[in-house]
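Heads up: the structure comes next, in structure tokens.
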Amino acid sequence: MSIVIKAENLSKSYQIVKGQSSTTLRDAIANSLKSLRAKNEATTFWALNDVSFEVKQGEVLGIIGRNGAGKSTLLKILSRITKPTRGRAELGGRVGSLLEVGTGFHAELTGRENVYLNGAILGMKHDEIKKKFDEIVAFAGYEDFLDTPVKHFSSGMYMRLAFSVAAHLEPEILIVDEVLAVGDMEFQKKCLGKMDEVGKSGRTVIFVSHQLGTIAQMCHETMLIDKGKLVLKDATPKVLNAYLDLNKSPDNFYQASEREKTKSVYFDYVKMVNGKGEAIASLEHDKPLMLEFKLHLKKPIDDLVLGFSLQDAGQKRIFTIHHSLKTVISSNDKLTAVRLTIPGGLLTPGYYSWIVAAFIQGAEMFDAQWGVCGFTVIDAGSEFANFDGVDYGCVFVRDYSFEAVP
């Protein structure tokens, strides 16, 4: 396959100057007089630093990294929105970009008018846009709002129409940032299916997402960027493992506030951990779920029950566990560390979080925390890994049998 994107030593720097904000005309004049000294005090921040890579035609390439790693800066350079400080990027074809909700839209124009405006920005002729118009509107699902000014659209409506335009006007290269998170779950599935269709048609997709499960399902190759540098570009499972190594001690654990500590029973902390006891924010699907917590009891309480519910990204509960505390510890008058372990191979790729509670059944709720310790399950090579973009539920069914019935 031919190379459609070739980046060589891409770098982007910004000058960070302290004390240069201007709230009045006098401040602005004073700051202008200090400009020479300010230049000497400026700090250079490299949002991107010597990044080189190639992308082949028809490839669906994922890009992952922590917040502030440089992913969006890279996409803006590839989309010709900003120029690199040094280096170059060669693109072999027309680019369709969806980087921010509403980019390229005019608030006073209607949805219909903005479809033509976006198409023109992408370099399409009027007749080409007209040919695809009905398909674009049907995909977005906004036939009834087509002649409404987009300033009245919600962010989700913006995203639907913008994605539909970018995907249907057949750019050779489609670049999509994390904006899919704005839409509802049903439309996200449509978008993922469309990107998969674009890739299979021989066009190229660059896809940035924090949802590692989606990256694992859609992208055969992935790039990991950290602190402005390219860490690894390889097969997706290898890159996801490298990303996990960068996130061994994340800040995603729950810690009780001073207000929570006034309760007679409270969770002092809750965190997801690996087999070494290290805090984690993501794990492979075949690794066990380990939830560690410390429960503080100011006085002994009989019949205290611990409750744990796992919920998906849509806050739908996957399962619930109730367990008596007295079967876990022999003394409940001090801070107690406990670890809940659930065998691996249960959860399919996706984002999940916990609901934790301590209560007496039918009598009193002492402490309850919702949506804590969010984590991502990634596909480390299940039997479904090759079914790109297919939703195959929340759990893997491992124990089953088939037999002929006479």
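The values are calculated or read from the model by the stated rules, or taken from the named source; none is laboratory data. The shown structure was predicted, so the numbers you read here are calculated from the model rather than taken from an experiment. A quick note on method: Cβ atoms are made from the backbone with ideal geometry, for glycine too, and the neighbour counts reach across all protein chains shown. All accessible areas refer to the heavy atoms of the entire protein, side chains included, with ligands and DNA or RNA removed. Shrake-Rupley method; radii C 1.70, N 1.55, O 1.52, S 1.80 Å.
Within the stretch 301-332, which residues are more than 16 Å from residue 347 (Cα to Cα), at pLDDT below 80 and either open to solvent by less than 50 Å² (accessible area, probe 1.4 Å) or within 25 Å of the chain's Cα centre (by Cα) (or both)?
329, 331, 332
Of all residues in the stretch 99-150, count the ones that are free of Cβ contacts under 8 Å to residues at least 24 places away in the same chain, more than 15 Å from residue 171 (Cα to Cα) and aliphatic (A, V, I, L, M).
2
Within the stretch 143-158, which residues are within 18 Å of residue 187 (Cα to Cα), loosely packed, with under 15 Cβ neighbours inside 10 Å and of a type outside the set (Gly, Ala, Ser)?
Selection gives 143, 144.
State yes or no: is residue 112 out of contact with any Pro (no Cβ under 6 Å at 6 or more places or on another chain), more than 29 Å from residue 10 (Cα to Cα), basic (Lys, Arg) and surrounded by fewer than 18 Cβ atoms within 10 Å (Cβ to Cβ)?
In short, yes.
Does the stretch 122-137 contain at least one residue that is under 19 Å from the mean Cα position of the chain (by Cα) and either assigned to a helix (DSSP H, G or I) or modelled with pLDDT of 85 or more (or both)?
No: the stretch 122-137 contains no residue that is under 19 Å from the mean Cα position of the chain (by Cα) and either assigned to a helix (DSSP H, G or I) or modelled with pLDDT of 85 or more (or both).
Go through the stretch 97-121 and count every residue that is at pLDDT 85 or above and either among the polar types (S, T, N, Q) or within 19 Å of residue 188 (Cβ to Cβ) (or both).
Matching residues across the stretch 97-121 total 2.
If you go through the stretch 34-57 one residue at a time, do you hit one that is more than 18 Å from residue 206 (Cα to Cα), at pLDDT below 90 and in contact with a helix residue (DSSP H, G or I) (Cβ under 8 Å, 6 or more places away or on another chain)?
For the stretch 34-57, residues more than 18 Å from residue 206 (Cα to Cα), at pLDDT below 90 and in contact with a helix residue (DSSP H, G or I) (Cβ under 8 Å, 6 or more places away or on another chain): present.
What number of residues in the stretch 351-375 are at pLDDT below 85 and either surrounded by 11 or more Cβ atoms within 10 Å (Cβ to Cβ) or part of a strand (DSSP E or B) (or both)?
Total meeting the criteria: 2.
Filter the stretch 83-96 for residues that are touching a strand residue (DSSP E or B) at 6+ places or on another chain (Cβ under 7 Å), assigned to a loop (DSSP other than H, G, I, E, B) and at pLDDT 90 or above; which is most open to solvent (accessible area, probe 1.4 Å)?
Within the stretch 83-96, the match that is most open to solvent (accessible area, probe 1.4 Å) is 85.
Being outside any helix (DSSP H, G or I) and of a type in the set (Ser, Thr, Tyr) is the filter here, so list the residues in the stretch 138-161 that pass it.
142, 148, 154, listed by residue number.
When you scan the stretch 63-82, how many residues do you find that are within 22 Å of residue 4 (Cβ to Cβ) and either modelled with pLDDT under 85 or hydrophobic (A, V, I, L, M, F, W, C) (or both)?
7
Just checking: which of the strands (runs of 3 or more DSSP E) contained wholly in the stretch 176-278 hold 3 or more residues that are crowded, with 20+ Cβ neighbours inside 10 Å and modelled with pLDDT of 85 or more?
Fully inside the stretch 176-278 and qualifying: 204-208, 221-226, 265-272.
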